[in-house]
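Comments concern the structure below.
Just so you know, all these numbers are worked out from the coordinates, no wet-lab data involved. Here the structure is a predicted model, which means the values were calculated and not measured. Note that each Cβ is placed from the backbone with ideal geometry, even for glycine, and that neighbours are counted across all protein chains shown.
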Amino acid sequence: MLLHNIEELRKQRKEWQGLKVGLVPTMGALHEGHLSLIKKAKETCDRVVVSVFVNPIQFGPSEDFDKYPRTLDKDMELCNKEGVDIVFAPSPKEMYGEGSRLSNDTLTYVCPPFFYVNKLCGKTRTGHFDGVCTVVLKLFNIVQPDYAFFGQKDAQQVVIVKKMVKDLNVPVEIIQCPIVREESGLALSSRNKYLSEEGKKDALVLSGILNNIKACYNRGITDIKSLKETAYSFLTEKQDLEYLEILDRDTLEEQESADDNSIALIACRVEGVRLIDNIYLKG
Ligand code: PAF
């Protein structure tokens, strides 16, 4: 069932009293990565809602909000095939009201702590995680799920959403699901659609670097500077590196040396497309 309206969603939700409800929040352009979240939600819950909303307030002024792929018919087809109960696809007006200037002058925002935001993607995407947390909390309030499913690909997002849920006592359990990759190793992303075939090959350097760091760690190298340095030799002029970090996977804290709880995270531009990827050094 496709719903665009918050009231209709709430009405339906009332009929699910006593059932376990799962939410998979997405911006649409669904791919196998999203489908893995939906499958996990179907396994875990009695009813599953997938939200499809390209959230304007998490995009910066020079980012790809206008050209972000919007493929609702195809998304509906995929969701129906997976047995999703409701696809919730509100308009920006439905979510944020008419005439709202979509800024924190006029709208209540959820602002996650600076410590979690002032690094990795948050460093260059000012306000991005305020926009993410605001829309995710709104979706939690609208759908009132027992479980919500997020991909490890957006590792910083998952850590920040978990922190928000804990700090604000939101009654939902966050389930993190593994990254889904193409056979080549490229992590699936809706933004891969922007890449040429050549660009997709150049993008393999991201997973190549991460796998190499993991292999070096598992051979006994724990010095973070050395682990990062091995990566730089993989880069060519085709990849514009934004960051490469090795941090604690749960807290995103810097570590003295890598350990079994470390995560390596990378962001690069390839053909102007911003790509991110990450890997746990153990497990
Ligand atoms: O990961 C995404 O697709 C988005 O950031 C999310 C969680 C759906 C919020 O708009």
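Odds and ends about this structure:
- Inter-part distance where the stretch 94-171 and the stretch 212-248 are each reduced to a Cα centre, Å: 29
- For peptides 180-190, 56-66, sequence by mean Cβ density within 10 Å, most packed first: 180-190, 56-66
- Of Tyr194, Tyr217, Tyr243, the sequence from fewest to most neighbouring Cβ atoms within 10 angstrom is Tyr243, Tyr194, Tyr217.
- Ordering Ile221, Ile86 by the number of other Cβ atoms within 10 Å of each residue's own Cβ, fewest first, gives Ile221, Ile86.
- Centroid-to-centroid separation of the stretch 251-283 and the stretch 28-51 [C-alpha atoms, Å]: 25
- In terms of other Cβ atoms within 10 Å, His31, His4, His128 run from fewest to most in the order His4, His31, His128.
- Neighbourhood charge, 12 Å Cβ-Cβ cut-off, centred on Leu195 and excluding it, Lys, Arg +1 and Asp, Glu -1: +2
- Against the empirical 2.2 N^0.38 Å (N residues), the stretch 162-263 has a Cα radius of gyration ratio of 1.28.
- Stokes-Einstein translational diffusion, the stretch 35-77 - Kirkwood Rh over all Cα pairs, 0.692 mPa s, 37 °C, in µm²/s: 260
- Of the trypsin sites (Lys or Arg not before Pro) in the stretch 5-87, those whose Cβ has at most 16 other Cβ within 10 Å and which sit in DSSP loop: Lys20, Lys67, Arg70
- For the chain, calculated [θ]222 nm from helices alone, where every DSSP H run of n ≥ 4 adds -39500 (n - 2.57): -11500 deg cm²/dmol
- Coarse-grained scattering of the stretch 144-210 at q = 0.25, 0.29 Å⁻¹, given as base-10 log I(q)/I(0) from a Debye sum over alpha-carbon atoms: -1.06, -1.28
- Long-range tail of P(r) for the chain (Cα pairs > 23 Å, %): 56
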